[in-house]
Structures are given as structure tokens and as C-alpha cells.
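Every number here is computed from the coordinates shown, using simple stated rules; none is lab data. Everything numeric in this text was worked out from a predicted model, so none of it was measured. Here the Cβ positions follow ideal geometry from the backbone for every residue, glycine too, while neighbour counts run over all protein chains shown.
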Amino acid sequence: MKVEYNEETSVRKSLSFEIEPEVVEKEIDKRAREYARKVRILGFRPGKVPPEVIRQRFRAQVLEDAAEAIVNRVVFEELEGRGLRPLASPKVTDLKVDESQPMTFRAVFETLPLVEVPEYRGLSVKARKAEVTDEQVEAEVERLREEAARYDPVEPRPAATGDFVVLDVKFTSAEGKPRHDENVLVEIGAADNHKDLNEGLVGMSPGETKQVRIVMEEAQQAPPKAERAVDYTVTLKDIKKKVVPAADDEFAKDLGEFGSLVELREDVRKRLLAADERKVEREVRSALVESLVDKASFEVPEALVDRHMSARTENAARGLLYQGIDPGKAGVDWKNYREAQRDDSVKAAKADVLLDEIARREGIEVPEAEVDAEVARLAERLRKPKETLRRQMEKEGDLAALRGRMREDKTLDLLRANARLDTE
């Protein structure tokens, strides 16, 4: 066997193989005998078909199977022998195989590049100061008031704009499945409602059932798709009036933790400030990674970019599923969507390589005890036995992903601890 190793780029490598005819012939004969034991051909007893007949009748299949077996064996052995670690399975090209002839092919693959990591201690980034305005505090207090609102029944009468109505709703979803939602609370005239629904509910009385047709135009759908009409059968069960508690000490006391409205506002301000501090910290870490990526110059393996593009596309499709939308019927050109993720995916892949190399140089590892503690926290949150969750994560590859994220977090902690922050 002759093998030639080529470095086509800093990340793209190839192995060119020439396999001796004797090796090829031996593999072809082996595959032909396997076929002979399995296939049934008129005029021959089961398992007694001569290999020569098999090689004539199933020539293409036998050659393909023989080539695949040889490729899988010699490529793996050569990669192991040279200490090469492809990021994905090698792609076989230029394959030529025939009886009594040398078999030739190329195995093309990508590896991580040799990375010149820019100076990562003392990275300078801008950071805003966490703050909370009085308007934000009042908005949160208002949200708590809305959350604490009660809905009192009103005397039977036709529904009007501004009323809250309790509905039973029947309709057929976009996927063709019948749906029946009970005790749906709707504010007539709310801006979030479709105008056809608001118009249809006005004037209805308790106990009345009515069909309301809602025409979803392209611009009103997310993601945009063709115009679609949905017929809803609505039964108005009750009309209610929303009563929002006043912003006073009694309201604060009713929440159970505060002695006055002043105390409630102070607590709200602390919570909002803590949330904004966490947001600032995320922004700083993101800026540190962006600064590191901008300073680095190396070729990114397409296999890593491809993983990020696929993950982003799958997350978008999963988001539609959570909304009850079939991604295949959402009117999204997924091929174009995936390609649109390329630029961000290149940056993300470059960040992966850099952070991994920094972690290696700094000897950053995640002790098994820390991984176990994180699994325990996840198990408690999901209300699952820890060992059950751990076995599930190991089976699905999520445990390795968790360990990788924790190692990356530790690496970012190092960058953050050594960063120079320019606070705005």
C-alpha cells in the first residue's frame, strides 16, 4: 500500500492511497462469497451459488462493498498511525476500483489549526455601569399590580370593548388538528388581538355561541407565510371587569413580604439592579470573546462552522415547534436561513478554538465533583433522580457538552479576571 499525506491548507488535509491489486482481489473474493451464502438464484441451491456467478451478476455491488471495507480499514489505521485527529469523518473522493487493478482514492479531512493565540491577559473592553431608573421600578410595580388584579363578574349584558370575557374556543390548527381550549380570558379590543376577533366578540352575551373567521394576512404571521383563514367557534361563558389594586401600602402588604410600598419599591430596585449586573457581566464576557476573535488570524475548519450553522438552524426550527408551528409548513427557506448563519458561525467556531487552546495552555480542567454537583442541580430543577439524569445525559452526549461548557466558563473567568474594563 502506498500513502501520500498532503496539507492542502492549514486545516484541510488529505491522504492519497494506492492499494495493491492482491489486497483488492482478496476483499472482492470475500464479499462475493458472502453474497453467495445469502442470495437466491434460480438454478442454484441456497448457499451454493458459485462466487464467479456472483461476481458477474452483482459486480457493481460487490466492488462497492469491497471498496467500502478497504477504505474503512486503511483510513482508520493510517490516521491512528500518524496521530491525526479529524474533526469529522474523512470524505472519500476520486475512488477507482476494479478487479485485478490497484485501488486508488483520496481521504480528505479537517483538523484543528495550529493557533497563534493573541495576548489574552489584559484584554481591554468597554463596560457600562449597571443601573435602574425610577421608570423601570414603576413599570415593575405596575406589572405586579396587573399580576395581582382580580376579575369580578358583571351583570349579564352584551359584551363591549374593554370587557374581559371568558371563552370556550374550538378551531382547526394549521396542521389540521382540531383544538378545544376552555376558559380562555380575552380582553375585547386589546391591541394584541386580531381585529376580526375584537369585532366578532363585541355584542355577544353570556351563553351565546358564534363563529368568528380570522384572516391571517402574510404580514401578520411570524414567520411570514401565505394568507390563511381560520374559523373559530367561540362560546362566551362570562363577562368580567378587571380590578387592579391601588399602588399603596396595603397592596405591598398583600404580597406578603413588605410592610409598605416604599419597602416594595426598594426590593424591586435591588432585584432589577442585580438582573442588570448579570446582564452587564454577560456583555463584558461577550465583548472579551469578540476582542479575542478580532485579534486572532487563522483558518477555521468548515466542520466546526457547519456544526454551529446546523445548531442555530435547529434551534430556530425548535422555537417554531414550541409555538405549535410545523417548521416544514412555516414558509421558511431553511437552506437560505442556514446559510445566513455563516458569518456568526465562523466567529463562534473561531472562539471555540481560541478558548479551547487557552484552557489547554492554562491547564484548566473541570473536576468530576463539579460536574456531578451541576448534574445534581439540574436533576433537582427537573425533578428527576440524579443518576437517572446522568445516565440519560451520558447516552445523549449532553454530559460531555456540559463539561465543555463548564470548562469554557472557567476560561472566561480567567479572561474576565485579567481584563481591563473601561467603565462608561
Query raised in the report: Given 0.36 nm per residue, what is the gain on full extension from Gln136 to Arg37 after removing their alpha carbon distance, in nm?
Result: 27.9 nm
Query raised in the report: Tell me, which longest segment in the chain has none of the trypsin sites (Lys or Arg not before Pro) that fall in DSSP loops with at most 16 further Cβ atoms within 10 Å?
Result: 226-382
Report summary line: In degrees rounded to 10, the 0-90 angle between helix 134-147 Cα long axis and the longest Cα principal axis of the chain is 80 degrees
Report task. In whole Å, largest first, what are the principal axis extents of the Cα atoms in the range 7-57? Result -> 58, 21, 14
Report summary line: Expressed as a whole-number percentage, the relative contact order of the chain with C-alpha contacts under 8 angstrom and at least six residues apart is 17 percent
Query - Largest to smallest principal axis extent of the C-alpha atoms in the range 304-369, angstrom - result: 48, 30, 11
**Report entry** Summed side-chain charge close to Val117 - residues other than Val117 whose Cβ falls under 14 Å, Lys, Arg +1, Asp, Glu -1
**Finding:** -2
Requested in this report: Note down the magnitude of the dipole of the chain about its Cα centre, charges +1 on Lys and Arg C-beta and -1 on Asp and Glu C-beta and zero elsewhere, to the nearest 20 debye.
Outcome: 1880 debye
Query raised in the report: How much length is gained if the chain between Ala369 and Glu146 is pulled fully straight, taking 0.36 nm per residue apart and subtracting their Cα-Cα distance, in nm to one decimal?
Result: 75.9 nm
Report task. Quick one: dipole size for the range 101-184, taken about the Cα centre, charges +1 on Lys/Arg Cβ and -1 on Asp/Glu Cβ, in debye to the nearest 20. Result -> 600 debye
Query raised in the report: How many Å³ per residue does the convex hull of the Cα positions in the range 25-157 occupy?
Result: 413 Å³
Query - Helical mean residue ellipticity (222 nm; -39500 (n - 2.57) per DSSP H run of 4+; nearest 500) of the chain - result: -16000 deg cm²/dmol
Query raised in the report: By a straight-distance test (C-alpha under 27 Å), which lysines pair with Lys350 as possible cross-link partners, with residues fewer than eight away in the same chain excluded?
Result: Lys13, Lys91, Lys126, Lys279, Lys295, Lys335, Lys410
Query raised in the report: For the range 1-80 and the range 341-383, what is the separation of their C-alpha centers, rounded to whole Å?
Result: 41 Å
**Report entry** the chain: radius of gyration and largest Cα-Cα distance (Dmax), Å
**Finding:** 32.6, 98
Report summary line: Ranking Leu261, Ala247, Val154 by how far each Cα lies towards the positive end of the charge dipole of the chain (+1 on Lys and Arg Cβ, -1 on Asp and Glu Cβ), the top one is Val154
Requested in this report: Assuming R0 = 56 Å, can you tell me the calculated FRET efficiency for the pair Asp254 and Lys410, based on Cβ-Cβ distance, to the nearest 0.05?
Outcome: 0.80
Query raised in the report: Using all Cα-Cα distances in the range 241-333, what percent lands in each 10 angstrom bin from 0 up to the longest?
Result: 12, 17, 20, 23, 18, 9, 1
Query raised in the report: List the lysines whose alpha-carbon lies under 17 Å from that of Lys170, not counting same-chain residues fewer than 8 positions away?
Result: Lys210, Lys237
Requested in this report: Mind jotting down the three principal axis lengths of the range 298-410 based on Cα atoms? Whole angstrom, largest first.
Outcome: 46, 41, 19
Report summary line: In the range 3-82, the GluC sites (Glu not before Pro) that sit in a DSSP loop and have at most 11 other Cβ atoms within 10 Å of their own Cβ are Glu8
Query raised in the report: Where Lys and Arg each count +1 and Asp and Glu each count -1, what net charge lies around Val154 among other residues with Cβ under 10 Å from its Cβ?
Result: -1
Report summary line: With Cα coordinates, the longest principal axis of the chain makes an angle with the long axis of helix 386-396, in degrees rounded to 10, of 50 degrees
Query - With eigenvalues of the C-alpha gyration tensor scaled by 5 and rooted, the range 83-144, Å - result: 61, 22, 7
**Report entry** Tilt relative to the chain, helix 21-38 - C-alpha long axis, 0 to 90 degrees, to 10
**Finding:** 70 degrees
